[in-house]
Amino acid sequence: MPPHYIQITALGSYAPSKVVSNDELSKIVETSDEWIHSHTGIKERHIAPDEQKTSDIAYKAIKDLLHHNHIKANQIDGIVCATATPDYPGFPSVACMIAEHFGITGPALDVSAGCTGFIYALEVARSMILSGSMKNALVLGAEKLSSVIDWKDRNTCVLFGDGAGCAFLEPSEEPGFMDTFLKAEAAGTKALTITADTHTITMEGRAVYAFAVRTILQTIETLADRNGLTIDEIDWIVPHQANMRIIAACAKRYNIPEEKFYMNIERYANTSAASIPLALAEMDRKGLLKKGQKIIMVGFGAGLTYGGTLVTWTH
């Protein structure tokens, strides 16, 4: 019979070795380290070389997960990958490329939901395991955003970086995933998009800022209320790493202790669908994730999509 519960049992991550600082960007566009950091919280970002594709970045994150958790590739039954930057237009998908790399013959599919992609991918994988379509699943968030950046646009080129993170989902005898909340506001599609003609990111900063602050609160409150929890009972909130000011505004406006939000945007910038798993993997390596903790992951971004997942950490 299909399992009743699903949990995250392993995490992995990877960021390209090349690091580009704010000072280096100030030589390309009219900006400064002080301006970028004060407005976004970003100090540097990882940038992949031209020849490295999104599937290559994802591959290294998976290798990291396998190595640190003593898991073999043949134990993986299926792959769900969230990305806005696939290797090529159309197929094969990043998930299919990864499946070929590792010789995985189970389901492999990409999910496109912008910066909320990892949250959507978690729910797709969880549902497929519960339905019996997969025995377990590797869920990826992988992006090469440097390939869709207009490096002459100082409003966007300072914001983004490359990287990948992944989580291994397995059946459990105790609750891991508790609840998921997924939404979209399609009327805001043009506020954040990759344009078809230039294939570069365009963004209406003020509109996205207002949307993010509002939807972060809505997501947190919905997941807490539906599960009979107060904010004090939530141990960690792991948000999409878009802008430090967004998180600070949300925390202040709604009296959520800022220290509950785990942030690493200073070193990675906005890595879209990769940002939440990158943060989770870092937290795991630092020993911050403890058995029994209640954790809310919150995503928001292009689409406009938003949503979150409430989990109890089980190991």
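If the limit is 27 Å between Cα atoms, which of Lys63/Lys291; Lys183/Lys286; Lys183/Lys291; Lys53/Lys291 go over it?
With Cα atoms farther than 27 Å apart: Lys183/Lys286; Lys183/Lys291; Lys53/Lys291.
The alpha-carbon atoms of the stretch 5-172, seen along their principal axes, cover 53, 29, 28 angstrom, with the largest extent given first.
Each other residue within a Cβ distance under 11 Å of Trp236 adds +1 if Lys or Arg and -1 if Asp or Glu, for a net charge of +1.
Between the beta carbons of Arg253 and Glu204, assuming R0 = 22 Å, the FRET efficiency works out to 0.60 to the nearest 0.05. Cβ crowding within 10 Å, taken as a proxy for footprinting-reagent exposure, orders Leu280, Leu140 from fewest neighbours to most as Leu280, Leu140. Split the chain at each of the chymotrypsin sites (Phe, Trp or Tyr not before Pro) in a DSSP loop with at most 14 other beta carbon atoms within 10 Å, and the longest piece is 1-150.
Would the chain count as rounded, prolate or oblate if I go by the C-alpha gyration tensor, calling it rounded below 1.5 in a/c and otherwise prolate when a/b exceeds b/c, oblate otherwise? Oblate.
Note on His315 and Glu233: the model spin-label points, each 7 Å out from Cα along the C-beta direction, lie 2.6 nm apart. A straight line joining the Cα centroids of the stretch 251-315 and the stretch 1-68 runs 15 Å.
You can think of it this way: the chain between Ser32 and His67 has 8.7 nm of extra reach, that is 0.36 nm per residue less the Cα-Cα gap. Annotation: extensible slack from Ser127 through Thr105 equals 6.0 nm (criterion: 0.36 nm per residue apart, minus Cα-Cα distance).
List the GluC sites (Glu not before Pro) within the stretch 206-302 that DSSP assigns to loop and that have no more than 13 neighbouring Cβ atoms inside 10 Å. Walk me through the numbers before you get to the answer.
Numbers: sites: Glu221, Glu233, Glu258, Glu259, Glu266, Glu282; in loops: none.
Filter output for the stretch 206-302: empty list.
For the chain, the longest piece that avoids every one of the trypsin sites (Lys or Arg not before Pro) found in DSSP loops with at most 11 other C-beta atoms within 10 Å covers 153-285.
Tally Lys and Arg at +1 and Asp and Glu at -1 over the other residues with C-beta under 10 Å from the C-beta of Trp313: what net charge comes out?
On the way: positive: Lys290, Lys291, Lys294; negative: Asp235, Asp284.
It works out to a net charge of +1.
Can you give the relative contact order of the stretch 5-172 as a percent, counting alpha carbon pairs under 8 Å and 6+ residues apart? All intermediate terms of the calculation are to be shown ahead of the outcome.
Numbers: 352 pairs, mean separation 57.3, N = 168.
With pairs under 8 Å counted, the relative contact order is 34 percent.
Quick check on the stretch 100-185: take the gyration tensor over C-alpha atoms, sort the square-rooted eigenvalues as a ≥ b ≥ c, and tell me if it's rounded (a/c under 1.5), prolate or oblate. Judged from the Cα gyration tensor, the stretch 100-185 comes out prolate (a/c at least 1.5, a/b above b/c). Shown here for the stretch 65-150: GluC sites (Glu not before Pro) in loop regions (DSSP other than H, G, I, E, B) with at most 14 other Cβ atoms within 10 Å, of which there are none. Across the chain, C-alpha contacts under 8 Å between residues 6 or more apart give a mean separation that, scaled by the residue count, equals a relative contact order of 26 percent.
Within the set of other residues whose C-beta is less than 14 Å from the C-beta of Val94, count the net charge using Lys and Arg as +1 and Asp and Glu as -1. Numbers along the way, then the final one.
Values: positive: Lys53, Lys60, Lys144; negative: Asp56, Asp87, Glu100, Asp110, Glu143, Asp162.
So the surrounding residues net to -3.
From the Cα gyration tensor of the stretch 166-304, with a ≥ b ≥ c the square roots of its eigenvalues, which class applies: rounded if a/c is under 1.5, or else prolate if a/b is larger than b/c, or else oblate? Taking the square roots of the gyration eigenvalues as a ≥ b ≥ c, the stretch 166-304 is prolate.
Each reported figure results from applying straightforward, stated rules to the coordinates on display, with no laboratory input. What you see is a predicted model, and the numbers here were worked out from it, not measured in a lab. Note that each Cβ is placed from the backbone with ideal geometry, even for glycine, and that neighbours are counted across all protein chains shown.
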